[in-house]
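Worksheet for the structure shown next.
What follows is calculated from the coordinates using simple rules that are stated; it is not laboratory data. Remember, predicted model here, so these are calculated numbers, not experimental data. All Cβ positions, glycine included, derive from the backbone under ideal geometry; neighbour counts span all protein chains shown.
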Amino acid sequence: MGIVLDRKELIKYPFLKESQQLARRHVESLEEFLGSSPGVAALERAKERVVAALTFKKEFGDENTQNLKPEIEIASYAIARMLVSCAGDRSLVDRLARYEAERASFFLAAEEPEIRRFVAWSVGIDTGAVAMPVTRYVELVPHLRDRRWRLVNRDVRQGGVNLEAGEIDELIRERIRAIIADQLPLRVPTGICERLAPVTSEITALRQQQVLEQFGEIKEEAFPPCISALIQAITAGTNLTHMGRFAITSFLHTIGMNVAQIADVFARAPDFDPDMTMYQVEHISGRGGTEYTPPSCATMRTFGLCANRDKDCERVNHPLSYYRLKKNMAKKRS
Ligand code: SF4
């Protein structure tokens with residue numbers, strides 16, 4: 001496509017290869033760049049990006065008024081990706097990918113048609129499409145939660161899925177999100193991660209605070225019966241199935257326990273194997289690149305893990321909802 005975006009336009013779409021090329025022309029050595037004043041400014045802006053991602057920021061107009069040079073602004077995108085990669089927490093990666101896609105989508109909405117067409121084309125989408133081949137459609141939508149995206153709810157004709165007005169914009173945003181998420185985490189050299197560590201720690205602390213604010217202080221007495229039963233089984237030295245280990249680890253991780261705290265729960269087992277436990281806990285907690293959400297009550301039942309159901313279980317369909325419910329009940333009583 002014969003379009004050349006200028007530097008001001010590239011900052012809105014830093015994931016484009018043209019944007020990356022611009023930043024690369026100004027950054028020969030990352031180490032040296034991070035030590036320079038433009039590098040310090042880029043790192044500060046990168047932190048802002050990640051913090052904005054954590055707070056689900058959806059307004060982006062003010063970013064155009066910042067005085068950073070376009071190449072520094074784009075470098076901040078690259079550094080933000082390094083920050084979340086060094087943090088080793090998949091939830092940060094997912095938040096950043098979502099934020100960057102929302103941001104691009106925000107700018108695209110007010111963009112000249114040919115620029116919009118070009119950016120969409122760069123991520124493999126035709127803005128003029130009123131239908132999309134089924135195979136392409138199913139590749140694009142698996143992470144879109146609204147039921148209307150399910151293939152069974154779509155108007156499919158002659159191998160094509162018809163698109164409603166405005167849906168192409170949602171698909172562009174989702175495609176950008178998926179591209180960015182798929183590229184992460186990056187393999188960042190240890191030395192660079194060490195250099196970024198002060199900022200990474202701030203971000204991790206903010207994330208931890210968010211989780212704690214969402215679920216509050218960890219209260220074992222509010223655990224659902226299934227999770228308490230799994231902990232008792234561990235303490236008694238019973239061998240848990242893979243799904244049992246997965247359910248408890250993902251549950252504890254989601255309510256805000258860190259890897260060491262989760263490993264402590266497994267350490268209650270008489271045959272505790274620290275290395276194996278750390279490996280499994282880190283994997284399920286997202287270090288391997290995918291953050292897993294704990295199974296719902298329906299899945300727990302399927303795997304025979306819904307144990308000691310009580311009357312409050314009738315009000316929920318997810319162990320996390322049970323936990324929240326019990327904590328709120330305890331708060332009201334106190
Ligand atoms: S109903 Fe849900 S929360 Fe209650 S024990 Fe079963 S899986 Fe756990």
Please give the FRET efficiency for residue 271 paired with residue 187, using the beta carbon to beta carbon distance and R0 = 30 Å, rounded to the nearest 0.05.
-> 0.30
Count of lysine pairs in the chain with Cα separation under 29 Å (8 or more residues apart, or interchain) = 28
Extension gain from residue 167 to residue 129, taking 0.36 nm per residue of separation minus the Cα-Cα distance = 12.7 nm
Who wins for biggest fluctuation among 177, 90, 136 in a Gaussian network model of the chain, springs between alpha carbons below 10 Å?
-> 136
Most to least packed among 269-278, 122-131, 302-311 [average Cβ atoms within 10 Å] = 122-131, 302-311, 269-278
Using only Cα atoms, tell me the angle between helix 113-122 and the longest principal axis of the chain; keep it within 0 to 90° and round to the nearest 10.
-> 50
How do the peptides 182-191, 199-208 rank, highest first, by the average count of neighbouring beta carbon atoms within 10 Å per residue?
-> 199-208, 182-191
Cβ-Cβ FRET estimate between residue 146 and residue 218, R0 fixed at 45 Å, reported to 0.05 = 0.90
For labels at residue 231 and residue 20 in the simple 7 Å Cα→Cβ model, what's the distance in nm?
-> 4.5
Result for the chain, cysteines with no Cys Cβ partner under 4.7 Å, is 226, 297, 306, 313
Return the ratio Rg/(2.2 N^0.38 Å) for the stretch 1-114, where Rg is computed over Cα atoms only.
-> 1.04
Compute the label zone of residue 208 within the stretch 83-109: residues whose backbone N is under 19 Å from the point 7 Å along Cα-to-Cβ.
-> 83-93
By average C-beta atoms within 10 angstrom, highest first, the peptides 150-160, 228-238 | 228-238, 150-160
Expected unfolding gain across residue 32-residue 334 under the 0.36 nm per residue rule, minus the alpha-carbon gap, is 103.2 nm
Over the Cα atoms of the chain, compute the convex hull volume and normalise it per residue, giving Å³.
-> 172
Pop out the Kirkwood hydrodynamic radius of the stretch 65-109 from its pairwise C-alpha distances, inverse of mean 1/r, in Å to one decimal.
-> 11.5
Can you work out the PRE-style zone for residue 7? Point 7 Å along Cα to Cβ, and I want the residues of the stretch 83-112 with backbone N under 17 Å.
-> none
Relative to the chain, whose Cα atoms define the longest principal axis, helix 90-109 and its Cα axis are tilted in degrees, nearest 10, by 30
Expressed to two decimals, the stretch 216-333 has a Cα Rg over Rh, using the Kirkwood radius, of 0.95
For the chain, with only Lys/Arg (+1) and Asp/Glu (-1) charged at the beta-carbon, what is the dipole magnitude about the Cα centre, in debye rounded to 20?
-> 960
Here the alpha-carbon Rg of the stretch 105-223 over 2.2 N^0.38 Å rounds to 1.49
So, with +1 on the Cβ of K and R and -1 on the Cβ of D and E, and no other charges, what is the size of the charge dipole of the stretch 216-333 about its Cα centre, to the nearest 20 debye?
-> 700
